[in-house]
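For reference, the structure is listed below as structure tokens.
Read-outs: derived from the displayed coordinates by stated rules, not from any lab. Everything numeric in this text was worked out from a predicted model, so none of it was measured. When we count neighbours, we look across all protein chains shown, and the Cβ atoms used for this are built from the backbone with ideal geometry, even at glycine.
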Amino acid sequence: MGSQAERYKSGVMPYAQMGYWDADYVPKDTDVICLFRITPQDGVDPIEAAAAVAGESSTATWTVVWTDRLTACENYRAKAFRVDPVPGQQGQFFSHIAYDLDLFEDGSIANLTASIIGNVFGFKPLKALRLEDMRIPVAYLKTFQGPATGIVVERERLDKFGRPLLGATTKPKLGLSSKNYGRVVYEALKGGLDFVKDDENINSQSFMHWRDRFLYCMEAVNKASAATGEVKGHYLNVTAATMEDMYERADFAKDLGSNIVMIDLVIGYTAIQSMAKWARRNDMILHLHRAGHGTYTRQKTHGVSFRVIAKWMRMAGVDHIHAGTVVGKLEGDPNVIKGIYNVCRESFTKQNLEQGVFFDQDWAGLRKMMPVASGGIHAGQMHQLITYLGEDVVLQFGGGTIGHPQGIQAGATANRVALEVMIKARNEGRDIWNEGPEILAQAARWCSPLRAALDTWRDVTFNYTSTDTADFVPTATAS
Amino acid sequence: MKITQGTFSFLPELTDTEIKAQISYALAQGWAIGVEYTDDPHPRNFYWEMWANPMFDLKDPAGAMMEVTGCRKAHPRVYIRVNAFDATHGFETTRLSFIVNRPAREPGFNLKRHEIGGRQIQYTIESYATEKPEGERYE
């Protein structure tokens, strides 16, 4: 590159030459590594584009500055070290970029993301940019609290093992009075669900103020618990305009004896971390509804993939996260969803390109997040849900409980029976993927609520092509 | 009422063959079987009496069934459950837990409402059975 004097001469210089591209760079164990999908403007060299992303997400500005020479600037420069064409996608490139740990404040998602998804996403020389995955070093993970409760402790508190948990979102999501709302909660819990849930936009509107809702919901929870002998819960949504309001609502939920509260993703990373700390301090499970994520996670060329959001949320410290259903009404390719679930639930996530997971990730003892499957699912899909999503998941049947022709309790019972009969069959070694419909039909002979549920929804499916799919497919080998 | 704690409480009572199949599954996962019983089924009574220590070295489900049968013989009128413990790193907890014996009549729970100012209520759940001393419940 020539002399230092040459390098720091005033003027504009390609990012790659400023030190943001280093093909020989070997990432350190303590580096944060990002995998970006870059779509350069026509005529922009992909390596220069990758270097620009590295530069703009770390120390660079558009021109050379002599003040770099007052710092150990080599350390602080992010380094693009690998650029590969995206298979089958003309004009798109996967770029690996490494960041030194010293670039980030300990325990702060806000600080991490201000760099990684800051200015750089509006950078003109790129048509589009997507953060596909991140490798978070163990050293950095250890500065985060992680899930306040986690899957293991949540199950121990609830005393529920060996099967997915069951939930439902109260419907209609808006308009019910508090007293009518609590009725839905009671019926669903008594009928067999473990949890009922506020929807994301239930906060404190004129038809139902939050204190009223909390009081009626806790009556419902306790009454259902006494009726069944089980621990039950209702996710009380404490999302509000200010942090002070959220603390006030969460404190009230705790005073009433709730075991779980809920927040929306739209409250922001800092507020989420604050609520996670509050939840840890107050023995509370923290449910996160991912309201808003579809605006930036769904399109493949631009934004942030949901697996990255899931990683940030596990670090930030939530216990539940909506993570896709595969078979329901919302976006979800089976492979991509599997990758996201693994990010939530594993102690060590292995690289798996078919699932969109680009890095091995050691979770450094951070507790596990419970994924939540919600949106357009019903009892007739139980064998598919268990096959795709496994056991550590909350299956939420909102319409599939409340819309049951024999009533809400019957709807809940149908779901619970379908679940238990399928887990039992799976444990007995039966092939539930193929025998599932038969197993359900058999149970429906003695369980009329299940029979009615199957008759109502049997043929409901949402077969649309997914937008967010993996770019790598398994290579066929000769057999 | 019927208490619905445990993995399979919404199904008809499991037969011994079905219980054995679940135990076989748990053993195949490398989990240890433990049998517990109680006459206090409060939802937050986490510590049921252990019939014996979990059977860490047991490979044959018939051995676990013998413990279930023995516990049933000694405590025929109370709740008995089979637990499976997983010592795998990152789990280290119960992975399966289901009821295999219950009293002929389950009196259920009383929900006590203690009004504590404003509209707030403090709730207490009490098992009707525990109104009697230990050993005399479910006679």
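Can you tell which of A:ASP251, A:ASP198, A:ASP194, A:ASP255 is within 26 Å of A:GLY400 (Cα to Cα) and within 14 Å of chain B (Cβ to nearest Cβ)?
Answer to the check: A:ASP194.
Just checking, how many residues over the stretch B:71-89 are in contact with a Lys or Arg (Cβ under 6 Å, 6 or more places away or on another chain), within 30 Å of A:GLU346 (Cβ to Cβ) and either of a type outside the set (Gly, Ala, Ser) or more than 10 Å from chain A (Cβ to nearest Cβ) (or both)?
Going through the stretch B:71-89 one residue at a time, the tally reaches 1.
Return only the number of the condition from (1) over 16 Å from B:ALA21 (Cβ atoms); (2) away from chain A (no Cβ under 14 Å) that B:GLU92 does not satisfy.
(2)
Please identify the pairs in which a residue from the stretch A:71-86 that is touching a residue at least 60 places away in the same chain (Cβ under 8 Å) has its Cβ atom under 6 Å from the Cβ atom of a residue that is among the charged types (D, E, K, R) and in a loop (DSSP other than H, G, I, E, B), counting only partners at least 6 apart or on another chain.
A:LYS79/A:ASP22; A:PHE81/A:ASP22; A:VAL86/A:ASP471
When the residues of the stretch A:227-241 are narrowed to those that are under 17 Å from A:LYS254 (Cα atoms) and among the polar types (S, T, N, Q), which ends up nearest to the other protein chains (Cβ to nearest Cβ)?
Across the stretch A:227-241, the extreme among qualifying residues is A:ASN237.
All but one of (1) in contact (Cβ under 8 Å) with a residue 40 or more places away in the chain; (2) touching a Phe, Trp or Tyr at 6+ places or on another chain (Cβ under 6 Å); (3) among the basic types (Lys, Arg); (4) surrounded by fewer than 22 Cβ atoms within 10 Å (Cβ to Cβ) hold for A:ARG211; state the number of the condition that does not hold.
All conditions pass for A:ARG211, except number (2).
Sort out which residues of the stretch B:84-108 are without any contact (Cβ under 8 Å) to a residue 12 or more places away in the chain, under 23 Å from the mean Cα position of the chain (by Cα) and exposed (fewer than 12 other Cβ atoms within 10 Å of the Cβ), and write them in order of number.
The answer is B:GLU92, and nothing else.
Does at least one position in the stretch A:289-301 carry a residue that is of a type in the set (Gly, Ala, Ser), surrounded by fewer than 20 Cβ atoms within 10 Å (Cβ to Cβ) and in a helix (DSSP H, G or I)?
Looking through the stretch A:289-301, at least one residue is of a type in the set (Gly, Ala, Ser), surrounded by fewer than 20 Cβ atoms within 10 Å (Cβ to Cβ) and in a helix (DSSP H, G or I).
Take the residues in the stretch A:137-176 that are more than 14 Å from chain B (Cβ to nearest Cβ) and among the polar types (S, T, N, Q), then tell me which one is farthest from A:ALA224 (Cα to Cα).
Result: A:THR143.
Of all the residues that make up the stretch B:109-130, how many are in contact with a helix residue (DSSP H, G or I) (Cβ under 6 Å, 6 or more places away or on another chain) and surrounded by 15 or more Cβ atoms within 10 Å (Cβ to Cβ)?
Matching residues across the stretch B:109-130 total 4.
Go through the stretch A:257-285 residue by residue and tally those that are under 15 Å from the mean Cα position of the chain (by Cα) and in a strand (DSSP E or B).
Of the residues in the stretch A:257-285, 3 are under 15 Å from the mean Cα position of the chain (by Cα) and in a strand (DSSP E or B).
What are the pairs with Cβ atoms under 9 angstrom where one residue, in the stretch A:387-398, is touching a residue at least 40 places away in the same chain (Cβ under 8 Å) and farther than 15 Å from A:ARG416 by Cα and the other, located anywhere, is hydrophobic (A, V, I, L, M, F, W, C) and part of a helix (DSSP H, G or I)? Sequence gap at least six, or different chains.
The qualifying pairs are A:THR387/A:ILE432; A:THR387/A:TRP433; A:TYR388/A:ILE337; A:LEU389/A:ILE337; A:ASP392/A:ILE151; A:ASP392/A:CYS344.
Assuming A:GLY150 fulfils every condition listed in (1) out of contact with any strand residue (DSSP E or B) (no Cβ under 7 Å at 6 or more places or on another chain); (2) within 13 Å of A:ALA412 (Cβ to Cβ) apart from one, which condition is it?
So A:GLY150 meets the others, but not (2).
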